[in-house]
Amino acid sequence: MIDLYFWPTPNGYKVLMFLEETGLPHRIVPVDIGKGEQFAPEFLAIAPNNRMPAIVDHAPADGAGALSVFESGAILVYLAEKTGAFLPSELRGRHEVLQWLFWQMAGLGPMAGQNHHFALYAPEKIPYAIDRYVRETSRLYGVLDKRLADRDYVAGDYSIADMACYPWIVPHKRQGQKLEDFPNLARWFAAIRARPATERAYERGKAIGARGPLTDEARKILFGQSRP
């Protein structure tokens, strides 16, 4: 059994998509980040960076007791290795997937996240910051669009690299992007959106927590760098 510490954010959906694809037994443990639940001692014990998602595997392969993993990319690799799914075992295919997983972790996610922050959440609208991150998001969309020009998925077959990227494209309108400007990316996006596991993941996520306007208290918790 896998415990998934989750809230409906792009990083949370990555792992939920994987679990829905594989049918790996799991339960969702909601972590309401707007209420500061990510600072609870029991959560910090498994996710010291006070960010979700995180997992606890109660039946790891070594049989040495429960094992916790934090950071969404590391979780995807762990689960792929545990199940033998969505990460090739042969050298070149494996590293093709890992390169694009790391690309998402280091580029698409952080840049789109800053895009969201300055365009939607920052108390002061700073045109330079907004323009800088909207443009960088557009550049990264272009990289992905070019990559998908001659293949169905990012690294050949559907993989954890696709699961990592997709949730960060879902809010493309909020990021100031038009999918019609990126036809290969748009095709890929539609294909993943139509997967039954993707549909199930997003239905479950929406049932756990709706994303609405931030309260002042939630803003303080999310964007402050200390405990509430």
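What follows is calculated from the coordinates using simple rules that are stated; it is not laboratory data. Since we're looking at a predicted model, the values are computed, not measured. Note: ideal-geometry Cβ built from the backbone for every residue, glycine included; neighbour counts use all protein chains shown.
Just a few scattered comments:
- Charge tally around ALA149: other residues with Cβ under 15 Å, Lys/Arg +1 each, Asp/Glu -1 each, net 0.
- In the chain, helices alone account for a calculated mean residue ellipticity at 222 nm of -15000 deg cm²/dmol, with every DSSP H run of four or more residues adding -39,500 (n - 2.57).
- Candidate lysines for bridging to LYS146, where Cα separation is under 29 Å - those fewer than 8 sequence places away on the same chain excluded: LYS14, LYS173, LYS178
- Taking GluC sites (Glu not before Pro) in DSSP loop states with no more than 15 other Cβ atoms inside 10 Å as exposed sites, the chain has its longest site-free stretch at 125-228.
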